[in-house]
Each structure stands twice: as structure tokens, then as C-alpha cells.
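What follows is calculated from the coordinates using simple rules that are stated; it is not laboratory data. Worth saying up front: this structure is predicted, and the values here are computed from it rather than measured. Note: ideal-geometry Cβ built from the backbone for every residue, glycine included; neighbour counts use all protein chains shown.
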Amino acid sequence: MNVLSLKEYDGKWIESVVDLGLDIKKHPEKYTEALKHKTLAMVFQKSSTRTRLSFETGMTKLGGHGIFIDWRTTQLAIGGVQDEAKVISRYADAIMVRPLKHVTVAEFGKASRVPVINGLCEKYHPCQALADAMTIKEKKGKLKGTKVVYLGIANNVSNSLSVACARTGADFTLCTPERDPDSLDEEQLKGLRAMQNYHEESNIDKAVKGADILYTDTWVNMEFFTDPKFESEKKRREKTLMPYQLNKALLEKAGPQAFSMHDMPAHIGYEIDEYALRSQRSLAFDQAENRMWAQMALLIKLTGKS
Ligand code: CP
């Protein structure tokens, strides 16, 4: 059983991970041996703070162990994914991969004899979406009917968040003037557009009114952020996307029930302002913490006894 995106899973399964995550957070002492002697191999082709630390500490709390594997200091580039992934799966009980391209984690999934988890590619961020759904349920008490609005650029994060929300019965609105072209999954989008609780709205005021959650993400993916070749595209995006900035004014427009969310790292003054990221109305730091609890739930579901 792999988790390459979230579209393979129904709302019941997604919410069962969320509920287990909430229970682990509340009663961590019940789970200290849930993955005793198990090993998670964590393969990174890109940088990370949250994903690496949340998986590694999560494994420790469950009685297991996480091993960090840097693409550049292993034989992955020389040996190729097909054989190296097969080898890694002979040692580990699960593999988490943060690849540059989705095709790489999919190849891991085919080669591995243990579960493979996507730790963020250009199309999906399923672990983030599970943590976000957990954070929404933790704060609002439920997912069903909770009004979630995603602002900015449609991308890997909005792809997985929209599936997690729509399939668990939340009311999801995508309020974006454009999509990161690398993130397009036409089949998933078609499925979402057929659902009554999935909406696309270009009018920002209309989209945010009455929202429980306003969510945003970086306008430029991490691998391009400091790339001089991406500089003019970055400037163009900043101009187009500035009206969609998640800020204090937008939270006030949404109403007193609204909270802001961001998967981080955040860029203050661009997709979010300081108030929306750091005030009492922000759930960003809860989201970051909940990466750990939600992934512990996911690892138990995939490799242990629940
Ligand atoms: N949100 C997220 O995936 O953070 P990292 O890039 O730090 O892992």
C-alpha cells in the first residue's frame, strides 16, 4: 500500500488517519511501541525542515527509527531507482521519498516491496494534506461542512488539500488566477469538478466571505526560489498573485471565525503577511507540529497495528 498522492484513497480512509493522528497526539503513551524495531528510510532529493524532522521524530516516538538518505551521498544517481529502491526496501519497513519529480516516487512504488510515501513532489503533498485535515478537525471539531478557501497559485499543495477536503466532506474553494503548470493532474481535477463541495471562484471577496479557513502556499516552488533563470517568472507571479495575499484584511473580510493556514516555509510580504502567519489566528505552527502526529498515524496504518 503506497501513498503517492491522496487520490487513491476515499474520505473514510483519509479521516481515519486524521482521527488516529488526533488520538496519538492526545495519548502518545499508548503508541510508544507501535512501530518497535521498525525502520523508515527517508530519501531526499530536495531540502526540508518539517518533513525530515516530523518523520524522524515520529518514528522515534513510535519506538522505531528513521534513516535520512541524501540522494547525492548514496548510489541512487549511479545505480538507478529501480535497483536501489529494491535494495532499500530489503532493509526498511517503509520508504518516504521527497523527489524532484513524481515519476521518481512512482518508480520507487513499483520497485519497493514495502510501502512508499510521497514526501512532496511537483504534483502532490499528501502528508501535508493529512496534517492539514487533522489541524482543521482539531480546531473546528469537524471536517464535514467546514469552509476551506485556498488562495494564491494552484499547485502540489492545493492538489492534495483539495482532495483531502472534498473527500471528507469539507466545502473547498480554489481561489487562484493560475496554476503552476508542473502540478496539473487533469484526471484528478475532473473528478473534483464533479463534486458538489468543490468550487472554483475568481472573486476574492466572494470566495473568502464566511470561510473557516484561508489557506495559502508559496508562489514559487523551493527548487526555483533562488534560481536566477526563474527570476523573471518569479517577478511576473508576484505581480499577478499579490491581490491573493493572505493578510489581516482578508481574514477580517472572512469573519471572526476564520483562521489562516500555511504549510511553510512562508514568505512574509508575498503570499502571506506577518499577522496571518504569526498572530493568534494562524494555525501554521499547529500544522507543522501535526505533520508529525498525522504521519505517525499514517505509518501505523501502513506498517503497524492500529
Ligand atoms: N511543508 C513542508 O513540506 O516543509 P519542508 O519543506 O520543510 O519539509
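If we scan the stretch 69-88, do we find a residue that is in contact (Cβ under 8 Å) with a residue 40 or more places away in the chain, out of contact with any strand residue (DSSP E or B) (no Cβ under 6 Å at 6 or more places or on another chain) and not polar (S, T, N, Q)?
no
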Taking Ile78 as the residue in question, decide whether it is surrounded by fewer than 15 Cβ atoms within 10 Å (Cβ to Cβ) and more than 16 Å from the ligand (Cβ to nearest atom).
yes
Test set (1) of a type outside the set (S, T, N, Q); (2) more than 16 Å from the ligand (Cβ to nearest atom); (3) surrounded by fewer than 17 Cβ atoms within 10 Å (Cβ to Cβ) - Ile88 fails condition number:
(3)
Take the stretch 17-35 and flag every residue that is of a type in the set (Ser, Thr, Tyr) and either within 16 Å of the ligand (Cβ to nearest atom) or surrounded by fewer than 15 Cβ atoms within 10 Å (Cβ to Cβ) (or both).
Thr32
Sort through Val105, Val116 and tell me the only one that's under 28 Å from Glu289 (Cβ atoms), buried (at least 21 other Cβ atoms within 10 Å of the Cβ), among the hydrophobic types (A, V, I, L, M, F, W, C) and out of contact with any helix residue (DSSP H, G or I) (no Cβ under 8 Å at 6 or more places or on another chain).
Val105
Considering the stretch 279-288, residues that are in contact (Cβ under 8 Å) with a residue 24 or more places away in the chain and assigned to a helix (DSSP H, G or I), and then whichever is surrounded by the most Cβ atoms within 10 Å (Cβ to Cβ), we arrive at Gln287
Selection within the stretch 113-154 - part of a loop (DSSP other than H, G, I, E, B) and free of Cβ contacts under 8 Å to residues at least 60 places away in the same chain:
Arg113, Cys121, Gly141, Lys142, Lys144, Gly145
Out of Ser5, Ser54, Ser48, which single residue is assigned to a helix (DSSP H, G or I), under 30 Å from Leu192 (Cα atoms), polar (S, T, N, Q) and touching a residue at least 40 places away in the same chain (Cβ under 8 Å)?
Ser54
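Looking only at the stretch 36-52, filter to residues that are loosely packed, with under 15 Cβ neighbours inside 10 Å and within 11 Å of the ligand (Cβ to nearest atom); which one of those is nearest to Leu299 (Cα to Cα)?
Per the stated criteria, the residue is Thr49.
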